[in-house]
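Since the structure comes first, as structure tokens, the remarks are kept for the end.
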Amino acid sequence: MCLILLAWRCHPGYRLILAANRDEFLHRPTAPLAFWPERPEILAGRDLQAGGTWFGLTGGCRFAAVTNYRDPATFSATALSRGQLPVKYLMSGIDPQQFCTTNAHQWPQYNGFNLLVGDADTLVYTSNRSPQPAYAVSPGIHGLSNHLLDTPWPKVARGMAALHRLLDGRAVIEPDDLFPLLEDSRQPPDDELPETGMSLEWERLLATALISGSEYGTRSSLALIVRDDGTISCTERTFAHAPEGVRETGKVRFDLQCRRCGDRGGIGAG
């Protein structure tokens, strides 16, 4: 993923409210959000090139999301796929902090990443580009792109402010309420752009929440809501890119009951 906006334990009745965009090269093969046949407990999209995912969750209320840390000077073509990190966590069965501590010695094998791993009780952030070890995310509104958590890049700051306004304005939040936060295509001025080692042309392209390029762009948007009663709603929209702009090609919603938060219910798609 390249933009994650989240409200963690700061809105009455909700444990987590999350909105995220996945940006990727348009030619990279991808499978949409679905339960994995070989791992039916995992609900995730899939990168069909490297086999991992950018976001996934389970009916046990475990979830994980990864973003790249933009640092082209240190990129290695032989590094392990960062998309395996959410999968490793979802399959691990251990708590978020323990997962990060146990696996920290492996982080140098990956190109720069940010990783969020959570369960019904805890949300932990770690990065192999941060001097600070993994830590529990504090209750509140947070944003993450291709630098460290809460780095105020323009699209992160705008998205966090928009999420704050949304939560201030209503008591009930549905997945469809979150998608407008991810559709912002306003271009910030050049003097507000980060300097990450990319060309100015690329910094401009990557600076908007919704990215529409000829070779690279927003491939999908995701809205996740975890309520205090254990009900989980997860909706993904997928997109295609053409000269006339971005168009939605699919939308799927899954409603689950967290087995750790309440009585076990059905798991299905709507």
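The values are calculated or read from the model by the stated rules, or taken from the named source; none is laboratory data. Since we're looking at a predicted model, the values are computed, not measured. Note that each Cβ is placed from the backbone with ideal geometry, even for glycine, and that neighbours are counted across all protein chains shown.
Only one of these conditions is not met by MET160: (1) over 18 Å from SER145 (Cβ atoms); (2) in contact with a strand residue (DSSP E or B) (Cβ under 8 Å, 6 or more places away or on another chain). Which number is it? Here MET160 clears every test but (1). The set of residues in region 90-102 being more than 16 Å from ALA136 (Cα to Cα) and buried (at least 16 other Cβ atoms within 10 Å of the Cβ) consists of LEU90, SER92.
Here ARG204 does not fit the description of being more than 23 Å from ILE141 (Cα to Cα), surrounded by 14 or more Cβ atoms within 10 Å (Cβ to Cβ) and in contact (Cβ under 8 Å) with a residue 60 or more places away in the chain.
Counting the residues of region 126-147 that are touching a helix residue (DSSP H, G or I) at 6+ places or on another chain (Cβ under 9 Å), under 16 Å from ARG15 (Cβ atoms) and surrounded by 15 or more Cβ atoms within 10 Å (Cβ to Cβ) gives 2.
Would it be correct to say that ARG165 is without any contact (Cβ under 8 Å) to a residue 60 or more places away in the chain, within 17 Å of the chain's Cα centre (by Cα) and in a helix (DSSP H, G or I)? In short, no.
Just to be sure before I move on: is ALA50 crowded, with 20+ Cβ neighbours inside 10 Å, closer than 22 Å to LEU3 by Cβ, more than 17 Å from the chain's Cα centre (by Cα) and of a type in the set (A, V, I, L, M) in the structure I sent?
On the way: crowded, with 20+ Cβ neighbours inside 10 Å: no; closer than 22 Å to LEU3 by Cβ: yes; more than 17 Å from the chain's Cα centre (by Cα): yes; of a type in the set (A, V, I, L, M): yes.
Answer is no for this residue.
For region 208-237, the set of residues classified as out of contact with any Gly (no Cβ under 7 Å at 6 or more places or on another chain), buried (at least 21 other Cβ atoms within 10 Å of the Cβ) and part of a loop (DSSP other than H, G, I, E, B) consists of THR208 only. For region 224-259, residues that are in contact (Cβ under 8 Å) with a residue 40 or more places away in the chain and small (Gly, Ala, Ser) total 3. If you go through region 206-239 and keep only what is within 25 Å of ARG70 (Cα to Cα) and more than 19 Å from the chain's Cα centre (by Cα), you end up with GLY213, SER214, GLU215. Among the residues here, ALA104 does not qualify as farther than 25 Å from ALA209 by Cα, of a type in the set (Gly, Ala, Ser), in contact with a helix residue (DSSP H, G or I) (Cβ under 7 Å, 6 or more places away or on another chain) and in contact (Cβ under 8 Å) with a residue 12 or more places away in the chain.
Strands (runs of 3 or more DSSP E) fully within region 27-143 that include at least 3 residues being farther than 30 Å from ALA240 by Cα and either at pLDDT 95 or above or among the hydroxyl-bearing types (Ser, Thr, Tyr) (or both): 123-127. For region 4-26, a residue qualifies if it is assigned to a strand (DSSP E or B) and over 28 Å from ASP228 (Cα atoms), and the qualifying residues are ASP23, GLU24, PHE25.
Residue count for region 148-170, restricted to those that are of a type in the set (S, T, N, Q) and either at positive phi or crowded, with 18+ Cβ neighbours inside 10 Å (or both): 0.
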